[in-house]
Amino acid sequence: MKPTNSKLKEFDTVKTFRKIKDKISKDIQNMSYDELQSYLLKTKLTALNKS
């Protein structure tokens, strides 16, 4: 699908999230359940305060 605008995309969301997903998959590939829990706690995102 061609962009309707001649300006190229500066940020490709699909490509970025695919890279993130592939990295996570590779990181957790051979982890045990306990290791996976630790990994998820260590890499958990936190919400920003909206003050």
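Rule-based calculations on the coordinates, nothing more; no lab input. Because the structure is predicted, anything quoted here is derived from the model rather than measured. Don't worry about glycine lacking a Cβ; one is built from the backbone with ideal geometry, like all the others, and counts go over all protein chains shown.
Of the peptides 16-28, 36-48, how do they stack up when ordered by the mean number of other Cβ atoms within 10 Å, highest first?
Working: 16-28: 10.6, 36-48: 8.8.
Sorting 16-28, 36-48 by mean packing, highest first, produces 16-28, 36-48.
Label points 7 Å out from Cα along the Cβ direction at R18 and Y33: separation in nm?
A separation of 3.4 nm, rounded to one decimal place.
Just grab the label-to-label distance for L45 and E10, each label 7 Å out from Cα along the Cβ direction, in nm (one decimal).
2.0 nm
Once you sort the root eigenvalues of the Cα gyration tensor of the stretch 8-51 as a ≥ b ≥ c, which label holds: rounded (a/c under 1.5), prolate (a/b larger than b/c) or oblate (the other case)?
Oblate.
Around K21, what is the net charge, scoring Lys/Arg as +1 and Asp/Glu as -1 over all other residues with Cβ under 12 Å from its Cβ?
Charge balance near K21 sits at +3.
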